[in-house]
Amino acid sequence: MPPNWLTPEEWTAVALSLKVSFWAVVASLPLGVFTAYALARWRFPGRQILNGLVHLPLILPPVVTGYLLLLSFGRQGWAGGLLDALGLGVAFRWTGAALAAAIMAFPLMVRAIRLSFEAVDPRLEEAAATLGASRLWVFLTVTLPLVAPGVIAGAVLAFAKAMGEFGATITFVSSIPGETQTLPSAIYAFLQVPGAEGSAARLVIVSVVVALSALFASEWLAQRAARRVSGA
Amino acid sequence: MPPNWLTPEEWTAVALSLKVSFWAVVASLPLGVFTAYALARWRFPGRQILNGLVHLPLILPPVVTGYLLLLSFGRQGWAGGLLDALGLGVAFRWTGAALAAAIMAFPLMVRAIRLSFEAVDPRLEEAAATLGASRLWVFLTVTLPLVAPGVIAGAVLAFAKAMGEFGATITFVSSIPGETQTLPSAIYAFLQVPGAEGSAARLVIVSVVVALSALFASEWLAQRAARRVSGA
Amino acid sequence: MSLSVEIRHRAGAFTLDAAFQAPSGVTALFGRSGAGKTTVVNAVAGLIRPEAGRITLGARVLWDASARIWVPPHRRRIGYVFQQARLFPHLSVAQNLSYGSWFARRQGRAPAAKLAQVVEMLGIGPLLARRPATLSGGEAQRVAIGRALLAAPELLLLDEPLAALDDARKAEILPYLERLRDETQVPVLYVSHAVSEIARLANTVVALEQGRVVRAGPAEALLADPQVVPTLGVREAGAVLTGRVRAHHEDGLTELSLRGGPLLVPGVTGAPGDHVRVRVHAHDVIIARARPEGLSALNILPATVRQVHQGAGPGVAVQLDLGGDLLLARITRRSAEALALAPGVTCHAILKSVSVGPADLGQGAGPGEPDPAG
Amino acid sequence: MSLSVEIRHRAGAFTLDAAFQAPSGVTALFGRSGAGKTTVVNAVAGLIRPEAGRITLGARVLWDASARIWVPPHRRRIGYVFQQARLFPHLSVAQNLSYGSWFARRQGRAPAAKLAQVVEMLGIGPLLARRPATLSGGEAQRVAIGRALLAAPELLLLDEPLAALDDARKAEILPYLERLRDETQVPVLYVSHAVSEIARLANTVVALEQGRVVRAGPAEALLADPQVVPTLGVREAGAVLTGRVRAHHEDGLTELSLRGGPLLVPGVTGAPGDHVRVRVHAHDVIIARARPEGLSALNILPATVRQVHQGAGPGVAVQLDLGGDLLLARITRRSAEALALAPGVTCHAILKSVSVGPADLGQGAGPGEPDPAG
Amino acid sequence: EDAPVTVFAAASLKTALDRIVADWAAEPDAAPDAVPVRVSYAGSSALARQILQGAPADIFISANADWMDRVEAEGLLIPGSRADLLGNTLVLIAHDPDAAPVEITADLPLAQMLGEDRLAMALVEAVPAGIYGRAALSSLGLWDSVAARVAQADNVRAALALVSRGEAPLGITYATDAHAAGDAVQVLGAFPPDSHPPIIYPVAALRDRPEAAAFLDWLRGPQAQAIFADEGFTTP
Ligand SMILES: Nc1ncnc2c1ncn2[C@@H]1O[C@H](COP(=O)(O)OP(=O)(O)OP(=O)(O)O)[C@@H](O)[C@H]1O
Ligand SMILES: Nc1ncnc2c1ncn2[C@@H]1O[C@H](COP(=O)(O)OP(=O)(O)OP(=O)(O)O)[C@@H](O)[C@H]1O
Ligand code: MOO
Ligand SMILES: [Mg+2]
Ligand SMILES: [Mg+2]
C-alpha cells in the first residue's frame, strides 16, 4: 500500500486505531484472563451476575454503552472524577477510546479464554501442587501456558472487534483528530457526506486488512501453540 | 412489569425486537451449524477466506455492514432485486431487520458452535459408522446431540447480540415504527431527544432483562445438556 | 464365511504388508504393541484406506485398490468392538444397544441375535436404563459387544476388547466372549497380545511382527509348536488341550477326559459331556521318565516326546504327545540333558490341578474341533 | 521417617475409615478397585480434605482435623506419581524433571538425588529434549517417577504407577522401582492391586477392603500367611523368599542361597553375594513326602509343614518352613489328605526353575531384611 | 388505501415532529382523508441512501440541502413538492448556568474561554451542524485558534449532551437543541446568520399520494408551523 494512497490525516487515524486497539487488548487482557478463570473455576455467589455484567456490552446498543461510559468516566462521572484527580483522566483522550474499545471487546475475549480454562485438565494442576508449586505458581507455570492458544484467540478477536468499534467510542470520547478519531469514526464521517463513499471504502479496506491479518495470524499461532502443547 | 409501564408504541418495539431476534437466530442456525462444522472439520481451499468472511461483521463498523447490506439487499441491489422478484423482498421490512441482526450475530454463533464441534471425539463418529450409520445419520444421531450444549450457547449468544443490534439495522432498513423500529432503534431515537434519557433507560432495562434471561437460561440449559452427555 | 485380507500400507515410518485368511470361527491377530494389528482391523472396517490390496468377506469385495472398489464403513456390515468401549454418552444403554440394529433393519437385515438374547447372554439386563458414564469398565465393554452384535454384522472385529480392564474384569468378560463364539455364527477377528485370551478363544492365530505376518495357522497346533515360543514370549508359551467334562468330584475337582487320559482340574461349571478347553502353561509342566509316587500333583500322564527346541536362555521347550493331544513343557536344559529327552522318548507329564487357573479353563468348542452345536 | 495415617472420610455411599503406620521402606497399599486406596493417597498428598483424622510424616503434622492444621499440598514435600503420568505437555522432558526441584530449591531444600543420577537410574537420558506427547507409556511413567524424585520429597506416593502399562512396559519399569527403593532413602507408599508388584517391592503391606484396613504387617510374613490367600486371590498367593546370589552356572541358571538351601532359577543379573528376592507362586509348588527322583524339576527342598489352611474351594494352602524361610504351597485337598499333611510333618517342596519368571525375580533388599547399603 | 404515510425525517426533528404527528392524529377534522403517519428518524445520510435504494418513504425531511439534492438528482422527488420547510440558527452554548451572554464576533476570545477544555460540535466535515459551525468560526477568523480543541460528536444531539453533562464547557448547536435542553445548558449567543450558509430543512414528497400531500400541507400549515416555532425553529 503506497503511503500516498491515504491522506496524512487518514494515516493518523489508522495509527491511532492500531494504538487504541492494541492498548485496549493489552490492558484488559489480565482482567479478561482473571474474569475468565473466575467464571470457569470458581463457584461463588454472584457468579451469574458477573457473567451477565461481562456480557452487557454485547447486549446493549453500543451508543448506550458509550453513554453509560460518559456518565461514569466523563469528567463529571464518579469514576472520571477519581481518575482525573489521579491525573489519569480518560475523557476526550485516546485512553478513553481504548477504554471504550476494551469494554466492547471484553465479552468476546472472556468467552474465548473461559472455554480454554474449562478445557485444562485439573489433574495437571494437582500434579504441579504436589511438586511444590503454590496456587499462583501453578497458575503461572501450568494453567496459563496451557490456555495460551485460547488467550491468543481471545486477544486477537478482541483486537479485531476493537478495530471496528465505533458507537461507544464516539459517544464517549467523540472524534478528535489525532486524539480520538479512530478509523471507524473516520469511515462514519465519510459516509455522512454525499459522494464520499469512495473515501470510506478505502478506509474500510485498510480496517478489514488489518483485522483479518490479525485473525489469520491468530489461527496460525493458536494452531502452533496447540501443536506445541499436544506434543510433536 | 405492568403493561402501562411502556407505551403501546414501545410495546410494539419490544415485540418486534423479540420477533426479529428470534427469527434471526432460528433462520441462521442451520447455516451457522453447517459453517461451524465446515470450519472445524474440513480442510478445503478457501477455508481461511470463509473464516474471514464469517468474522467480517465483527470487524467492520456496523454502519458499514448496514450500508453493504443496503447496497446488496436494497430494492436496487443485486440480491434485493432477485428476492423482490421472488416476493421475498427484505428491504425495509422486519425480515430485513432480522437479516441484519442475523449477520451481525453470525460470527458469535459460529465461533461458539465451532468450538463444540472441535471437542467432539471423532472416534464416536467412527463407531457410529461401523454400526451402519451413513455420514448424514452419524451427524444427526451422534455429532449433533453431542454439540447441543454449544449450539444452545451459540444460539442464545446470537439472540442476545441480535436484541442489541442497532447500527447495521437502522442503516439497512431504517427505523419505521411497527415494521423495522426495534428496541435499540427506539432507544437511539430517545437518545436524540434531550431530556428523554428516562424513556431510553426504561427501554434499556427491558432489553437487558430479556437478553440476560436468555443468557442465564442458556447457561443452565448447557449445563444440563453437558451433564446429560457426561452421564449421571 | 471367510475373510480374506491383503494390505500394503504406509503410515509414517511404519510399513504394513500383510496377507491372511480368516476362516469362520475366531481368528486371533496376535502381536506386540506397534505390530500393526489395529491398522489391519481399521482397514477391514473401512476406517482407513490403505495404499494397495484387497479385502473380501465371503463373496463380497469390501475393498479392492486396483479395481477401485470401496465400500464405506456403514455398508460393510461389520461389528467393531474398540479397545475403549466408545459408547454414545448421550444415549442410554438400551439406546446404545439398538443403535446399530435400527440401521440394520432399515437395510432389511435382521440381527441374528435378538435384543433379549444378547442382553441375557451378556448379563446387562439391569443396566439398560443407565447412561454409559455410570458404567464400570467391564460393564461398558459388555455393552459395546452387545451393540456390535445387534448391528447384524457379518463379521465381528474385536480390538483388544479387554486391554483396558483389570484382571477381575477380564475374567468377568471372557466367558461372554466364549458364549459369543459358540452361540453365534458370526466370524470374529480378535486382536490381542495376551496369549491366555487367544488360547481360550481362538480357532486360528495370525501372528504379526512389524507389519508382517510371521505365522498363521490353527490355534491348537500353533500354540503347541515349540518354535513359536520366542514369538509368544516364554512366560506365555503353553498348549491348549480340548476335551469333555467327565465327572464332578465331591472335593470340588472336575475330571476331564482328554485324548491322553483323565485330567483333574479345579471345578468347571459345564455338565458332563460338555466341551471344554484347557490351557496348560509350558512352565507348569514337569517331566519324569519313571512314574513318580507320593506327589501332591494329581495329574501324571504318560506321554511321548515329539520335539525338543533349544532357545537362547537356560530353558528348552519340549513338545509332548499325549495320545494325540499336544502338550508343551518348558524345562531347564540341565534337566532335559539329565533326563536324556529326545524325540520318541516316553515319559510322564506331571501337572498340578491347581496350576490350571480359571483364566485357563475355557468352555465350549476347542480350536481344532468346531462345536457341533455351534 | 515414618508416616502415620488416620482418616475418616465419606464420599457418596463410600466410607473410608482407615488407620495405619508406614515405616521407612516401601509400604504397599493393597486392595481391589474401589477399596479406597487412591482416597488415602490423595488425603496424604493434601488433594482432598477428609472429614476427620490426622496425618503425620516423621515429626511434621501434615493435617490434623481436630487441631485444624492443614498443610497445603505444595508444602507437604511429597512426590506423587499418578496412575497416568500427568506430565506437563507444554514442557520438555528435561523441564518436567526439573519442575519440582526448582520449587524445592526455592524453599532451600536440595533434592537428595541429582538430576544426572536420576536420569541415569531411570534410563531417560535420550529423552530429555523430547515432549511428553511423543513418549511411550513406559517412558512417560519413568519421567513421572524422576520428576517426583527430583522434587526432594520426604515421602513418595505411587498410585498404581504401572496399571496403565502392558506387561512388557511393566517389566521394563519394575527394576527402576527396585533401584529407587534401594538407592534412595525416601519412604514410599505404593498402591497396587498386583500382588506380583507388591511381592517384589514392598517391605510392609497394608490391605484395604471397602475402606477399612483388614491386614497390615511385614510383607514377608503377610504374603506367606495362608490366611491371607482369600484376600490376595488364590492365583496370586505366594511367598517371597530372600537370599543372595551364590553362583552363575554355565547353562544360564543362577544358584541362589536361601536359608533353606540352594535354589536354581533362570539367570539373574546380580553379582555373587548380591541380595535377591524371589516370589514363588503357591500354585507352582509341589509337595512330596519322600524325595522323588528323575524329575525335570531341579529344586527339591526339605521342608516342614507349619500350617494347613482349608479354603472354600477344592484347594488348601500349606505353609512350609524351609529352614526359617516361609513358603506357601497351594495343592488340592485330595492331595493334602493323601499325603496326610499336618503341622509338623516333614516333606519336600518341589519347584521348577522355569516357573520363577522374570517378574518374580527382584533385586536388592528383601522385605524383612533392609539392605545394609540402602 | 389506508396504508400509513411514512415520513423519513432527520433525527434532530424528533421532538417537534412527534408533537405534530400527535396533533395530526388527534384532529381528524383537520384533514378529512387522514391516515396514520409514522416517522422513521435517523441521520439524513442514512435516510437519503435508503431512499436512493427504494425505501417506501412518502415524505423526506432532510437536515441539509445536500442530501435532498442527491435524491432530487436521481429524479426521485415528486416534481414541485420540494420546499424549504424550516430554518434554524446556530448558537454557542455553555454548561455553566451563570455564564454571561456574549456577542459572537471576530473579537470573541473563544480560545481563552475554553482554556484547556473542549468545544463540543457535531462532526465538522460530515454532519450539517458541524459543517455550519466550522464555516461560521472560519468566517469569523476563530477556527484556527480552536480547531485543536474541538470534540466532534457523531450528531448534534450528542454534542449537546457533552455540554449538558458538563464534559465540555462550551458547544455549538442549533438553537432548537439548546431550546429542547431547557435549563441544562445556557445559550451564550447566536452566530450572525451571514457567518455561515443558510440553515435549511428541505422537505419533499417522494410518492404521488393524496394522503402524503395532505400531511405535507399539514406540515406547512399554521398549526404545525406554530409547533416548529415553539421548538425554536425559524419558519420561512
Ligand atoms: N498416522 C500415523 N503416522 C505414523 N505412524 C503411524 C500412524 N498410525 C500408526 N502408525 C504406526 O503404525 C504402527 C502400527 O500401529 P497399530 O496401531 O496398528 O499397532 P498395534 O499393533 O495395534 O499396536 P497396539 O498393540 O499398541 O495397539 C505403530 O508403530 C504406529 O506408531
Ligand atoms: N466424589 C465421590 N463421590 C462418590 N463416591 C466416590 C467419590 N470419590 C470416590 N468415590 C468412591 O470411593 C470409593 C473409593 O475410591 P478410590 O478411588 O479411593 O478407590 P481405589 O481403591 O483407588 O480404586 P481403584 O483401584 O479403582 O483406583 C469408590 O467406590 C468410589 O466410587
Ligand atoms: O456491538 Mo456492535 O453493534 O458490533 O458495535
Ligand atoms: Mg492397537
Ligand atoms: Mg485408585
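The values are calculated or read from the model by the stated rules, or taken from the named source; none is laboratory data. On a predicted model such as this, the values are computed, not experimentally measured, just so you know. Virtual Cβ from ideal backbone geometry, glycine too; neighbours counted across all protein chains shown. These accessible areas exclude ligands, DNA and RNA; they are computed on the full protein's heavy atoms, side chains included. Shrake-Rupley method; radii C 1.70, N 1.55, O 1.52, S 1.80 Å.
A few remarks follow.
- Residue check for C:Ala59: within 26 Å of the chain's Cα centre (by Cα) and surrounded by fewer than 16 Cβ atoms within 10 Å (Cβ to Cβ): yes
- Given (1) open to solvent by 40 Å² or more (accessible area, probe 1.4 Å); (2) of a type in the set (A, V, I, L, M, F, W, C); (3) modelled with pLDDT of 90 or more, index of the condition D:Ala110 fails: (3)
- Residue in region B:153-168 that is open to solvent by less than 30 Å² (accessible area, probe 1.4 Å), within 26 Å of B:Asn51 (Cβ to Cβ) and within 14 Å of chain C (Cβ to nearest Cβ) present: no
- Tally, over region D:20-50, of residues that are of a type in the set (D, E, K, R) and more than 9 Å from ligand 5 (Cβ to nearest atom): 2
- So C:Thr27, is it open to solvent by 10 Å² or more (accessible area, probe 1.4 Å), in the same structural domain as C:Glu197 (by the TED database) and hydroxyl-bearing (Ser, Thr, Tyr): no
- Taken together, the residues in region E:32-50 that are open to solvent by less than 10 Å² (accessible area, probe 1.4 Å) and either in a helix (DSSP H, G or I) or at pLDDT below 90 (or both) amount to 5.
- Region D:62-82, residues that are more than 10 Å from chain A (Cβ to nearest Cβ) and open to solvent by 50 Å² or more (accessible area, probe 1.4 Å): D:Ser66, D:Ala67, D:Arg68, D:Ile69, D:Trp70
- Highlighted here are the helices (runs of 4 or more DSSP H) found entirely within region A:18-131 that include at least 3 residues which are under 18 Å from the mean Cα position of the chain (by Cα) and free of Cβ contacts under 8 Å to residues at least 24 places away in the same chain: A:47-59.
- Residue-level check: of (1) buried (at least 20 other Cβ atoms within 10 Å of the Cβ); (2) within 14 Å of chain B (Cβ to nearest Cβ); (3) not aromatic (Phe, Trp, Tyr), A:Gly52 misses just (1).
- For region A:11-18, the count of residues that are within 26 Å of A:Ala91 (Cα to Cα), hydroxyl-bearing (Ser, Thr, Tyr), in contact with an Asp or Glu (Cβ under 9 Å, 6 or more places away or on another chain) and open to solvent by 30 Å² or more (accessible area, probe 1.4 Å) is zero.
Here is a yes/no grid of residues against (1) more than 14 Å from chain A (Cβ to nearest Cβ); (2) in a helix (DSSP H, G or I); (3) open to solvent by 10 Å² or more (accessible area, probe 1.4 Å):
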residue	(1), (2), (3)
E:Ala159	no, yes, no
E:Val163	no, yes, no
E:Glu167	no, no, no
E:Ile172	no, no, no
E:Ala178	yes, yes, no
E:Asp194	yes, yes, yes
E:Pro202	no, no, no
E:Asp208	yes, no, yes
E:Ala213	yes, yes, yes
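- Among the residues examined, B:Ala97 does not qualify as within 14 Å of chain E (Cβ to nearest Cβ) and modelled with pLDDT under 85.
- Every pair of residues 6+ apart whose Cβ atoms lie under 8 Å, when the first sits in region D:279-305 and is farther than 21 Å from D:Leu256 by Cβ and away from chain C (no Cβ under 11 Å) while the second is part of a strand (DSSP E or B) and of a type in the set (A, V, I, L, M): D:Val305/D:Val318; D:Val305/D:Leu320
- Filter result (among the hydrophobic types (A, V, I, L, M, F, W, C) and either surrounded by fewer than 18 Cβ atoms within 10 Å (Cβ to Cβ) or facing chain E (nearest Cβ under 9 Å) (or both)) within region B:187-201: B:Ala189, B:Phe190, B:Leu191, B:Val193, B:Ala196, B:Ala201
- Options B:Val20, B:Val63; residue that is closer than 28 Å to A:Ser17 by Cβ, in contact with a helix residue (DSSP H, G or I) (Cβ under 7 Å, 6 or more places away or on another chain) and among the β-branched types (Val, Ile, Thr): B:Val63
- Tally, over region D:245-257, of residues that are open to solvent by 20 Å² or more (accessible area, probe 1.4 Å) and not in a loop (DSSP other than H, G, I, E, B): 5
- Residue list for region C:272-295, filter: of a type in the set (Val, Ile, Thr) and either part of a loop (DSSP other than H, G, I, E, B) or within 20 Å of the chain's Cα centre (by Cα) (or both): C:Val276, C:Val278, C:Val280, C:Val285
- B:Val26 vs. criteria at pLDDT below 95 and either more than 14 Å from chain E (Cβ to nearest Cβ) or in contact with a Phe, Trp or Tyr (Cβ under 8 Å, 6 or more places away or on another chain) (or both): no
- When D:Gly100, D:Gly12 are screened for being in contact with a helix residue (DSSP H, G or I) (Cβ under 8 Å, 6 or more places away or on another chain), away from ligand 4 (no atom under 16 Å from the Cβ) and assigned by the TED database to the domain that holds D:Val205, only D:Gly100 passes.
- C:Arg54 falls short on exactly one of the conditions (1) under 21 Å from C:Ala144 (Cβ atoms); (2) crowded, with 17+ Cβ neighbours inside 10 Å; (3) of a type in the set (Lys, Arg), and that condition is (1).
- Qualifying positions in region D:126-152 - within 11 Å of chain A (Cβ to nearest Cβ), of a type in the set (A, V, I, L, M, F, W, C) and not in a helix (DSSP H, G or I): D:Leu135, D:Ala151, D:Ala152
- Qualifying positions in region B:57-89 - surrounded by fewer than 21 Cβ atoms within 10 Å (Cβ to Cβ) and within 25 Å of A:Thr169 (Cβ to Cβ): B:Leu68, B:Leu71
- Selection count, region E:115-124, where residues are hydrophobic (A, V, I, L, M, F, W, C) and either in contact with a Leu (Cβ under 6 Å, 6 or more places away or on another chain) or open to solvent by 20 Å² or more (accessible area, probe 1.4 Å) (or both): 2
- Looking across region C:31-41, the residues that are open to solvent by less than 30 Å² (accessible area, probe 1.4 Å) and in a helix (DSSP H, G or I) come down to C:Lys37, C:Val40, C:Val41.
- Screening D:Leu91 with (1) among the aliphatic types (A, V, I, L, M); (2) away from ligand 2 (no atom under 12 Å from the Cβ); (3) touching a Ser or Thr at 6+ places or on another chain (Cβ under 6 Å) gives one miss only, at (3).
Conditions tested, residue by residue: (1) outside any loop (DSSP other than H, G, I, E, B); (2) over 26 Å from the mean Cα position of the chain (by Cα).
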position	(1), (2)
C:Trp63	yes, yes
C:Tyr80	yes, no
C:Gln84	no, no
C:Phe88	no, yes
C:Gln95	yes, yes
C:Tyr99	yes, yes
C:Phe103	yes, yes
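- All conditions in (1) more than 7 Å from chain D (Cβ to nearest Cβ); (2) surrounded by 24 or more Cβ atoms within 10 Å (Cβ to Cβ); (3) of a type in the set (Gly, Ala, Ser) hold for A:Ala119, with the sole exception of (2).
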